[in-house]
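For reference, the structure is listed below as structure tokens.
The values are calculated or read from the model by the stated rules, or taken from the named source; none is laboratory data. Given the structure is predicted, the values throughout are model-derived calculations rather than measurements. Because the Cβ atoms are built from the backbone with ideal geometry, glycine has one as well, and the counts that use them run over all protein chains shown.
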Amino acid sequence: MKRSEINRYIAEAIDYIDKSGFRLPPFAFWSPDEWKTKGEEADEIRENGLGWDVTDYGLNEFMSTGLLLFTIRNGNFARKDYYPKGYAEKIMVVREDQITPFHYHWNKREDIINRGGGELLIELYLADDKNGLSDTTFSVAIDGVRRQVAPGDKVALTPGESICLEPYIYHSFWGKTGAGTVLVGEVSDVNDDNNDNCFLDKLGRYPKIIEDELPLHYLCTEYPKGGKLIRT
Ligand SMILES: [Fe+2]
């Protein structure tokens, strides 16, 4: 992805999230210049992957396969002594027909919440023991109500509704055609993007970035430390 696209999508997300009535924390708006003034007091943001995350899963077709996320809070398994928090929260902007590809988590249990806007469609399978899609029927809880799910069933979440995705449940989601962009929340166990995502197809989790202009905001993998840009 070009940096100019990432800048534009973040600016559009800030506008959309604000118009939705959801308020982001202050670090969502820090510029690279402001980051230069932040010392170790802001390490929780750097070390736990908080902040902006714009991905095209390495396919360079963000509008059809991509996701824009902002991680509001998170723990850290690698530094549990220092960050004992056992939970995470994200806010995401999912556009019509913009697919987050099939993946599951070995450890993370996540509630995906339609916080407003359009309709979120989620396609579900149970994973088999070879990381494929199983043909087994299973059940999920949608706002406290259990529902049987056949392989490949799609669950539609309207604003206010949420689904609890247990580990080993493959999920892919997108905004329903014609219903508008969806503001999606996630409340989950600690998020560990380096070790806890199993994608059905081998995909990159982060974009390859072409630096055609300066960043307006760093992505969560880019925070500078000690004066130099680090990529985790
Ligand atoms: Fe997920």
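I need the full set of residues from the range 51-100 which are under 17 Å from Asp111 (Cβ atoms), surrounded by fewer than 20 Cβ atoms within 10 Å (Cβ to Cβ) and without any contact (Cβ under 8 Å) to a residue 60 or more places away in the chain, in order please.
Ile72, Arg73, listed by residue number.
Quick check, is Asn60 under 29 Å from Glu119 (Cα atoms) and either of a type in the set (Lys, Arg) or at pLDDT 95 or above (or both)?
no
Take the range 13-34 and flag every residue that is touching a strand residue (DSSP E or B) at 6+ places or on another chain (Cβ under 9 Å), touching a residue at least 60 places away in the same chain (Cβ under 8 Å) and not in a loop (DSSP other than H, G, I, E, B).
Ala13, Tyr16, Ile17, Ala28, Pro32, listed by residue number.
As an exercise: evaluate Glu89 against (1) farther than 23 Å from Gly21 by Cβ; (2) within 16 Å of the ligand (Cβ to nearest atom); (3) among the acidic types (Asp, Glu) and give the number of the one condition it does not meet.
(1)
Which ones in the range 113-123 are over 13 Å from the mean Cα position of the chain (by Cα) and more than 11 Å from the ligand (Cβ to nearest atom)?
Of everything in the range 113-123, those that are over 13 Å from the mean Cα position of the chain (by Cα) and more than 11 Å from the ligand (Cβ to nearest atom) turn out to be Asn114, Arg115, Gly116, Gly117, Gly118, Glu119, Leu120, Leu121, Glu123.
Against the conditions (1) in contact with a Pro (Cβ under 9 Å, 6 or more places away or on another chain); (2) surrounded by fewer than 19 Cβ atoms within 10 Å (Cβ to Cβ), where does Gln148 fall short? Just the number, please.
In the conditions (1) in contact with a Pro (Cβ under 9 Å, 6 or more places away or on another chain); (2) surrounded by fewer than 19 Cβ atoms within 10 Å (Cβ to Cβ), Gln148 misses (1) alone.
I'm told Ile17 meets every condition in (1) buried (at least 20 other Cβ atoms within 10 Å of the Cβ); (2) at positive phi except one. Can you identify the failing condition by its number?
Every condition holds for Ile17 apart from (2).
Please determine, by comparing only the residues of the range 104-145 that are among the small types (Gly, Ala, Ser) and surrounded by 15 or more Cβ atoms within 10 Å (Cβ to Cβ), which one is farthest from Ile17 (Cα to Cα).
Selected residue: Ser134.
Residues of the range 92-112 being touching a Gly at 6+ places or on another chain (Cβ under 7 Å) and more than 13 Å from the ligand (Cβ to nearest atom), which ones?
Arg95, Glu96, Asp97, Gln98
Being more than 16 Å from the ligand (Cβ to nearest atom), in contact with a helix residue (DSSP H, G or I) (Cβ under 8 Å, 6 or more places away or on another chain), at pLDDT below 95 and not hydroxyl-bearing (Ser, Thr, Tyr) is true for just one of Pro215, Pro207. Which residue is that? Lay out the reasoning, then the answer.
Numbers: Pro215 fails: at pLDDT below 95.
Answer to the selection: Pro207.
Can you go through Thr177, Thr181, Thr221, Thr158 and tell me which one is more than 16 Å from the ligand (Cβ to nearest atom), under 29 Å from Asn60 (Cβ atoms), among the hydroxyl-bearing types (Ser, Thr, Tyr) and surrounded by fewer than 15 Cβ atoms within 10 Å (Cβ to Cβ)?
Working: Thr181 fails: surrounded by fewer than 15 Cβ atoms within 10 Å (Cβ to Cβ); Thr221 fails: surrounded by fewer than 15 Cβ atoms within 10 Å (Cβ to Cβ); Thr158 fails: under 29 Å from Asn60 (Cβ atoms).
From the options Thr177, Thr181, Thr221, Thr158, the qualifying one is Thr177.
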